[in-house]
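K.L.:
Please find one structure pasted underneath; my questions will follow.
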Number of protein chains: 2
Amino acid sequence: MRDREVLNTAAEVFARQGYAAATVQQVADELGILKGSIYYYIKTKEDLLFRLLEEVHEDLDKRIAEVAALEDEDALERLERYVRIQTEYTLANLTKISVYYDNLDQLSQPNRKVILARRKVHEDFVVDLVLRGQAEGSIDDQRDARLIAYSIFSTIIWPYRWYRPRGRIKAADVVEGCVEFILRGVAPARRS
Amino acid sequence: MRDREVLNTAAEVFARQGYAAATVQQVADELGILKGSIYYYIKTKEDLLFRLLEEVHEDLDKRIAEVAALEDEDALERLERYVRIQTEYTLANLTKISVYYDNLDQLSQPNRKVILARRKVHEDFVVDLVLRGQAEGSIDDQRDARLIAYSIFSTIIWPYRWYRPRGRIKAADVVEGCVEFILRGVAPARRS
């Protein structure tokens with residue numbers, strides 16, 4: 001039994017039952033193991049939620065590192081890569097992302113602080129990309145960089161609310177749609 | 001005691017306690033009235049949530065009607081007006097919007113269907129605006145109109161997740177930022 005399998009199953013149970021109503025027993029049943037075996041990994045239900053949210057940030061951090069490694073590309077090219085891989089991550093991890101956003105407030109204060117600190121690092125990475133784009137002239141410098149970053153986040157995260165893998169709109173089209181919307185959305189005003 | 005006051009207070013209690021844990025008694029206490037007086041308005045806690053979500057749609061419908069009444073303006077001008085007034089609504093009603101998005105799934109099936117049907121009407125209005133803009137050449141017709149509409153919704157709704165009335169970024173700047181991001185985001189590719 002691997003960690004990731006336990007956390008994926010916990011995500012499914014939390015998404016289906018709601019975190020407040022879900023029990024560690026249900027997660028164990030779904031995995032087909034004894035509850036005692038889960039307590040080998042975690043001590044409380046909150047540990048499951050916390051580890052799940054940490055895992056999301058670990059996944060995202062790896063993707064950010066890929067973008068940060070693009071040393072020869074300018075800010076707009078890096079932003080495009082960022083948007084593409086983050087949107088793909090959202091679409092491939094709908095359950096985990098919904099548990100993340102719907103249950104962050106359920107964490108106790110110390111755990112919540114850890115997650116918010118990791119989120120801040122992620123957010124600052126994107127703000128920094130926007131600032132570089134503004135300095136390079138490819139991103140509108142008349143708007144606040146953090147406000148632009150928030151609009152970028154809204155576009156790449158929101159699909160978890162409506163996207164359905166077997167729906168009419170295909171994942172690849174969602175990714176391209178988000179890339180187009182964001183790259184044009186951040187552009188400077190045309191000089192006339 | 002007016003309906004709206006009861007619903008605003010219910011929204012605050014639901015947002016603070018979580019809908020599942022909140023009680024009609026708490027809403028009554030917060031209003032400074034007897035629980036029996038609330039039952040004059042509603043029969044169950046779910047009635048409160050349902051009426052609250054219906055109220056959001058009534059508010060939004062009024063704003064849509066304003067945009068629909070702009071007969072002399074083209075699709076892009078109407079879209080701008082739509083984005084402006086909807087973003088203002090989000091920022092002025094953070095608690096209600098968060099209760100709306102965080103608790104829609106708590107409604108029983110018949111009530112949920114009513115809300116989803118109202119949402120569909122709203123969504124179709126925006127898709128129709130996008131289709132008109134595509135026909136007029138002001139909105140990119142290489143992208144699916146509904147996908148563009150979803151990107152628009154993400155931008156105007158997401159601020160409920162991060163905007164704080166006394167924060168560094170002012171409401172007027174958020175509205176302008178969303179307008180700029182969306183109007184550029186939907187634009188056709190520059191012909192080169």
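Values quoted throughout were computed directly from the atomic coordinates according to the rules given, and no laboratory measurement underlies them. Predicted model, so just to flag it, every value in this text is computed and none were measured. With ideal geometry, Cβ positions are generated from the backbone for all residues, glycine too; neighbour counts draw on all protein chains shown.
K.L.:
Looking only at B:Ser151, B:Ser37, B:Ser138, which one moves most when chain B is put into a Gaussian network model with springs between Cα atoms under 10 Å?
P.N.:
In the Gaussian network model the winner is B:Ser37.
K.L.:
Listing B:Trp158, A:Trp162 from the residue with the fewest other Cβ atoms within 10 Å to the one with the most, what is the order?
P.N.:
Least crowded to most crowded, the residues run A:Trp162, B:Trp158.
K.L.:
Within 10 Å of each Cβ of B:142-154, how many other protein chain Cβ atoms are there on average?
P.N.:
What the average comes to for B:142-154 is 6.
K.L.:
Name the chain A residue with the Cβ nearest the axis that maps A onto B: which is it, and what is the distance in angstrom?
P.N.:
Axis relating chain A to chain B; nearest Cβ residue and distance: A:Gly185, 2.
K.L.:
Under a Cβ-only charge scheme (Lys and Arg +1, Asp and Glu -1), can you give me the dipole magnitude of chain A about the Cα centre, in debye to the nearest 20?
P.N.:
660
K.L.:
Here is a further query. Given the Cα-Cα distance of B:Lys35 and B:Leu104 and 0.36 nm per residue of separation, how much length would full extension add, in nm?
P.N.:
This chain segment gains 22.4 nm when fully extended.
K.L.:
Using DSSP loop states and a limit of at most 16 other Cβ atoms within 10 Å to flag trypsin sites (Lys or Arg not before Pro), what is the longest stretch of chain A containing no flagged site?
P.N.:
A:44-165
K.L.:
Evaluate the distance, in nm, between pseudo-label points positioned 7 Å from the Cα of B:Arg161 and of B:Gln25 along their respective Cα→Cβ axes.
P.N.:
3.6
K.L.:
Please go through region B:20-101 and write out the GluC sites (Glu not before Pro) that DSSP classes as loop and that have at most 11 other C-beta atoms within 10 Å.
P.N.:
Sparse-neighbourhood loop GluC sites (Glu not before Pro): B:Glu71.
K.L.:
Other chains' Cβ within 10 Å of A:156-166 residues: what's the mean?
P.N.:
For peptide A:156-166, the averaged partner shielding equals 3.
K.L.:
Another question, then. State the percent of C-alpha pairs, over all pairs in region B:1-130, separated by a distance greater than 21 angstrom.
P.N.:
Pairs farther apart than 21 Å: 46 percent.
K.L.:
Give the nm distances, rounded to one decimal, from B:Ala172 to the matching residue in every other copy, measuring between label points 7 Å along Cα toward the beta carbon; shortest first.
P.N.:
Output for B:Ala172: 4.7 nm, nearest copy listed first.
K.L.:
Label-to-label distances across copies for A:Ala69, with labels 7 Å out along Cα→Cβ, in nm, shortest first?
P.N.:
In nanometres, ordered from closest: 5.8.
K.L.:
May I pose another question? Return the whole-Å distance between the Cα centroid of region A:150-172 and the Cα centroid of region B:102-149.
P.N.:
First find each Cα centre; the distance between them is then 14 Å.
K.L.:
Assuming R0 = 35 Å, what is the FRET efficiency of A:Lys43 and B:Arg16, from their Cβ-Cβ distance, to the nearest 0.05?
P.N.:
E(calc), rounded to 0.05, equals 0.80.
K.L.:
Need one value for A:173-186: mean number of C-beta atoms belonging to other chains within 10 Å of its residues' C-beta atoms.
P.N.:
Average neighbour count from other chains, rounded to a whole number: 6.
K.L.:
Between the label point of B:Leu104 and that of the same position in each other copy, find the distances and list them shortest first in nm, with every label point placed 7 Å from Cα along the Cα-to-C-beta direction.
P.N.:
2.0
K.L.:
Evaluate the Kirkwood expression for the hydrodynamic radius of the protein assembly as shown, namely the inverse of the mean inverse distance over all pairs of different C-alpha atoms, and round to one decimal in Å.
P.N.:
Averaging 1/r across every pair of different Cα atoms and inverting gives 22.5 Å.
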